[in-house]
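Each reported figure results from applying straightforward, stated rules to the coordinates on display, with no laboratory input. Values in this document were obtained by computation on a predicted structure and should not be read as measured data. Cβ sites come from the backbone with ideal geometry, for glycine too, and all protein chains shown count toward neighbours.
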Amino acid sequence: MQSSETTARQILANWLQVQNDVCDACQACGREPNSVQIVGVSKYVDPPFAAQLVQAGCEILGENRPQHLWTAAEHFQAEGVKPKWHMIGHLQRNKIRRTLPLLDCLHSLDSQRLAEAIHEELDAHDSHLRVLVEVNVTSDAHKTGLAETDLEAFLQSLAKLPRLQVCGLMAMTTLGASSDETRREFDSVRQLRDQMQDAFGEQLDLSELSMGMSGDFPVAIAAGATLVRVGTRLWHGVRD
Ligand SMILES: *Cc1c(COP(=O)(O)O)cnc(C)c1O
């Protein structure tokens, strides 16, 4: 077992390094460093480690499984740790009720049924939720996310669900793709966003782009990412 002091120091060092790399990536493409937020993906570690990341300064945590989020949120409440939670993976409809009260933002909205079910729950509690629409820009039809060709109609339909505050797009890239391919995929998410922003004008604000992970966030930042979802790099040297 590592002592908690050693892990806290390691996690802080990882966090500072990732922040530094985000700054460098911003500078390299002429963007303001504060135009990119880091979502610390906690799915690889137990809640006490995730709490150390929050204490190191990471304000947003991302989880891809609702159960993990529930467990961590419970632990955090007892400890008085208060991150903003972003759900970055698929949210099953039967997990909506328990997950929504914990969430600041959902990155993975990708179907009409899910949108309607979430809206109904929000309505019952007179609340709102920030959401990103997940798009599939890869050539793999089995991947999660909406097909590019369905996006405009989907965004149109969300206008009838005012409790969902649509604020941008999220995308995953093809696993193991070459760096050129990854760059092209990030660029096509950005282009898709620009097209939709033009099409919808004032009706919609699609300023957020959630893309880029440990291996490719500098490329995503060059393409316009505003939220990078970083896991592996933050847990380097930390056992759980
Ligand atoms: C796990 C995960 C990440 C983080 O990936 P790393 O390569 O570990 O940084 C980002 N986004 C989603 C949706 C994930 O599930």
Enumerate the calculated ³J(HN,Hα) couplings along segment 181-191 in order (Karplus 6.51 cos²θ - 1.76 cosθ + 1.60, θ = phi - 60°), each rounded to whole Hz, writing x wherever the residue is Gly or Pro.
5, 4, 4, 4, 5, 4, 4, 6, 5, 4, 5
Under the rule of at least 5 residues apart or a separate chain, name every residue whose amide H is placed under 5 Å from the amide H of residue 136.
146, 147, 148
Only counting other Cβ atoms within 10 Å, I'd like 29, 58 sorted with the fewest neighbours first.
29, 58
Three principal axis lengths of segment 110-184 [C-alpha, angstrom, descending]
46, 19, 18
Given H placed 1.01 Å from N in the peptide plane, which residues other than close sequence neighbours of residue 168 have an amide H under 5 Å from its amide H?
133, 208
What residues have an amide H closer than 5 Å to that of residue 231, excluding those fewer than 5 places away on the same chain, when H is modeled at 1.01 Å from N in the peptide plane?
41, 214
